[in-house]
1. If I filter region 180-192 down to residues being open to solvent by less than 40 Å² (accessible area, probe 1.4 Å) and modelled with pLDDT of 90 or more, which single residue comes out as nearest to Lys337 (Cα to Cα)?
2. Mind checking whether some residue in region 247-258 is among the basic types (Lys, Arg), open to solvent by less than 50 Å² (accessible area, probe 1.4 Å) and assigned to a loop (DSSP other than H, G, I, E, B)?
3. Does Phe301 satisfy the criteria of being out of contact with any helix residue (DSSP H, G or I) (no Cβ under 7 Å at 6 or more places or on another chain) and modelled with pLDDT of 95 or more?
4. For residues that are surrounded by 16 or more Cβ atoms within 10 Å (Cβ to Cβ) and of a type outside the set (Gly, Ala, Ser), scanning just region 81-95, find the one that is nearest to Gly42 (Cα to Cα).
5. Out of region 193-238, which residues are open to solvent by 50 Å² or more (accessible area, probe 1.4 Å) and under 24 Å from Lys337 (Cβ atoms)?
6. For region 177-209, name all the residues that are within 23 Å of Leu240 (Cα to Cα) and not in a loop (DSSP other than H, G, I, E, B).
7. Restricting region 62-80 to residues that are crowded, with 19+ Cβ neighbours inside 10 Å and among the hydrophobic types (A, V, I, L, M, F, W, C), which is farthest from Phe277 (Cα to Cα)?
8. Of the residues in region 110-159, how many are within 30 Å of Ser67 (Cα to Cα), among the charged types (D, E, K, R) and in a loop (DSSP other than H, G, I, E, B)?
Amino acid sequence: MSSSINNLFVFDVFCDPFVIQNYSTQQWQDMIRVLRGGDLLGSFYYLLEQSDLICDVPDFALKHILSAKIYADRQSHQIKNEAKDLAHLLESLAIKPIFLKGAAYVLNNDRNHLGRVMSDIDILVKKTELQQVEAILNKNNWVVKQLDNYDDQYYREWAHEIPPYTHLYRGTTLDVHHTLLPPITGHVISESILFNCLQDGATSALVFNDELKVLHSIIHLFFNEDFDKSFRDLLDIHLLLNELEGKEGLNEFYSLAFSLGFKREVYYVIKLRALIFKRVLTQEENQLIKALPFRHRTNVFIHLILYWAFIPNHDLLPSRWSHFAKFIMYLRGHLLKMPLRILVPHFIVKTRRAFVMAIYGAHHYEK
């Protein structure tokens, strides 16, 4: 399928939305397809609205963009209702859940939640509270997907969350975390930090403070193996940091991130914001990165792999190098989450199970 847009087209429009004034009809059609595939169409609407560019959108394109905006707005409303119900449910146990990621952006009315869609709600509770939380969810129409013994053990022993829940009637998916990174990685953020760096969101629900909220977004992105919709996550980080910069909170964020051992990931973000969003580094940021001993060799990785891994995954953007970069990030994500002594046996087990299920059916291993 031929395309009127190139691999960097999406980067360009989110860097300078005024480029749409020169779009051809074919470019509009292709861009809508790519943005929809990357869950970016609703965000695109708000980008154009805030730039006073809605009047420059052709009628046929506006219908698609407006539809995505309405869908995202409705989902935000649903998130607020779900969060209220969950908070009320856990309140009976004297547990106050911390809402994470997309739900936190909605509940705190962060700029990046406008037009954003999400697949689930994420909450954080203390590990000692997990048994109580599971018990009350089980009694209130929340059900866990059928898992085989191996996958259940994976969640219980190695993951940073328990198996996901789905509401029996509303279909909402809920992920219950007890920390931010799988314990098996060896990278531990103490509960004293997680449960003290908090603020009340705009709806009175608990969320991380601005610094920890954006750090969690960075952790989620760069310790993840799935880069199919990674540009949306990078856009989240960029917009959250823009808000922090407006509040003069960047230095506090860098201090927190560096103290918790995420210098490399923060460096990725600083460089990618400059490369993709054409952001000029502050004097403090230039001084900060000059002190990082790994920056020169890391720059090669950023330019050859990371940058290309953020190109949206779509048939209209058929970059072989982008697919290769995403594959490298897929392997890297697994290596970061599991040491080789566990990853190799895990890969063998999952491969064997996939082969068996292909023959006997997807439910062969379910309890």
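1. My answer is Leu181.
2. Checking region 247-258: not a single residue is among the basic types (Lys, Arg), open to solvent by less than 50 Å² (accessible area, probe 1.4 Å) and assigned to a loop (DSSP other than H, G, I, E, B).
3. On the way: out of contact with any helix residue (DSSP H, G or I) (no Cβ under 7 Å at 6 or more places or on another chain): yes; modelled with pLDDT of 95 or more: yes.
It is true that Phe301 is out of contact with any helix residue (DSSP H, G or I) (no Cβ under 7 Å at 6 or more places or on another chain) and modelled with pLDDT of 95 or more.
4. It comes out as Glu82.
5. Of everything in region 193-238, those that are open to solvent by 50 Å² or more (accessible area, probe 1.4 Å) and under 24 Å from Lys337 (Cβ atoms) turn out to be His220, Asp226, Asp228, Lys229.
6. His177, Ile193, Leu194, Leu198, Gln199, Asp200, Leu206, Val207, Phe208
7. Among those residues, the one meeting the criterion is Ile79.
8. Of the residues in region 110-159, 3 are within 30 Å of Ser67 (Cα to Cα), among the charged types (D, E, K, R) and in a loop (DSSP other than H, G, I, E, B).
The values are calculated or read from the model by the stated rules, or taken from the named source; none is laboratory data. Model, not experiment: these values are computed from the prediction. Glycine gets a Cβ as well: all are built from the backbone with ideal geometry, and neighbour counts include every protein chain shown. For the accessible areas, the whole protein counts, side chains as well, though only heavy atoms, and no ligand, DNA or RNA atoms are used. Shrake-Rupley method; radii C 1.70, N 1.55, O 1.52, S 1.80 Å.
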